[in-house]
Amino acid sequence: MSSTVEVDRDDPLAFEQLVAPHRRELLVHAYRMLGSTQDAEDAVQEALTAAWRGLGGLRSRAALRSWLYRVTSNAALRTAERRGPRMLSWERGAAADPRAELAPPLEDAGWIEPLREPAGDPEAAVLHREDIELAWIAALQHLPATQRAVLVLRDVLGFSAAETADILETTPASVNSALQRARGTLAAREPGRGRVDARGLDRGVVDAFVEAFGRGDVERVVELLAAEARFTMPPLTAWFDGRDDVAIFLTERVLATPWRVRRVGDVNGWPAVLGDQLWEGEWRPGALMILHGTADQIDWLATFVDPRLVSNWPEESKESATDR
């Protein structure tokens, strides 16, 4: 096979076949930088449009991957400048009273979003959990966008300083300086990174949660929570800190109505559950819940109630659904 890139500029299908093997990794790269699947998809589309227009400047197939990372990184950097950093619930304000009235949702407030991916996607299995988990994506948002790009390219994707400099159109010295600053900032924010329990949650805990939540068994759900458990639910701003407050909110608000829940595989490296809520006699998409924890306890119920996210989520077989 020739090492040169020979694609007919009048044949979009040939170009798509050329870049298709890289599309998924480019999406994940943009997601790490932006914290939003929608923003990442838009950045990748912008990047591939630019790549199509600039195809004549590509030297060889060997340079294709780095070149695609260049246009994608640049597109993501432009998006980051327009959008600003995204946040988790507890970065926006203090924990709420579980019995207080809920404030209206902040729909366009820059929340960290889950990484949408097809259920059972074999490529998802090769992603290291710590490199896509929500807390890590949120920590990256505290870096200036260029430092964010440098750290992801160097420490996650393994590009050399010279390769990273070429991708970002800067110098190796600037890359090394940015990397040092980025590592220092994250070490202060995420001192436990790299020491995450590799086992994650036991499958039995996840199954027990699905069964208990589906039948409205609040007592059993609460038994599965760690004492320091948190419950978040963007775009609603309220979040709850500690098992007791979470239990009150689950009892008096969430599980006061019937739910039908099912597994949707892993999302951002953790087990996820999709829930439909019975509302006025009709089952409606209610929430995507990502379960974080260690071994036998759930310490964070990262719940997303944005209809746009919940409605479009790829589902596993409804045979696994439980309801009451």
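Out of contact with any helix residue (DSSP H, G or I) (no Cβ under 7 Å at 6 or more places or on another chain) and not in a helix (DSSP H, G or I): does that describe Thr185? So Thr185 fails the test.
The residues of region 295-305 that are part of a strand (DSSP E or B) and surrounded by 15 or more Cβ atoms within 10 Å (Cβ to Cβ), listed by number, are Gln297, Ile298, Asp299, Trp300, Leu301, Ala302, Thr303, Phe304. When the residues of region 146-176 are filtered to those that are in contact with a Phe, Trp or Tyr (Cβ under 8 Å, 6 or more places away or on another chain) and in a helix (DSSP H, G or I), the one that is farthest from Arg65 (Cα to Cα) is Leu153.
Listed here are the residues, each with its yes/no results for (1) crowded, with 18+ Cβ neighbours inside 10 Å; (2) under 20 Å from Ala76 (Cβ atoms); (3) modelled with pLDDT under 95.
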| site | (1), (2), (3) |
| --- | --- |
| Leu168 | yes, yes, no |
| Ser174 | no, yes, no |
| Arg193 | no, no, yes |
| Glu211 | no, no, no |
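Just give me the residues in region 237-256 being surrounded by fewer than 18 Cβ atoms within 10 Å (Cβ to Cβ), touching a strand residue (DSSP E or B) at 6+ places or on another chain (Cβ under 9 Å) and either aliphatic (A, V, I, L, M) or modelled with pLDDT under 95 (or both), in sequence order. Correct list: Ile248 only. Of the residues Ala14, Ala63, Ala50, Ala75, the single one that is at pLDDT 95 or above and assigned to a helix (DSSP H, G or I) is Ala75.
May I ask you to verify whether Pro85 is outside any helix (DSSP H, G or I), modelled with pLDDT of 80 or more and farther than 19 Å from Met289 by Cβ? The answer is yes for Pro85. All of Ala100, Ala95 fail the test of being of a type outside the set (Phe, Trp, Tyr), surrounded by 12 or more Cβ atoms within 10 Å (Cβ to Cβ) and outside the structural domain of Thr146 (by TED's automatic domain parsing), apart from Ala95.
The values are calculated or read from the model by the stated rules, or taken from the named source; none is laboratory data. Please read these numbers as outputs of a predicted model, since none were measured by experiment. Glycine gets a Cβ as well: all are built from the backbone with ideal geometry, and neighbour counts include every protein chain shown.
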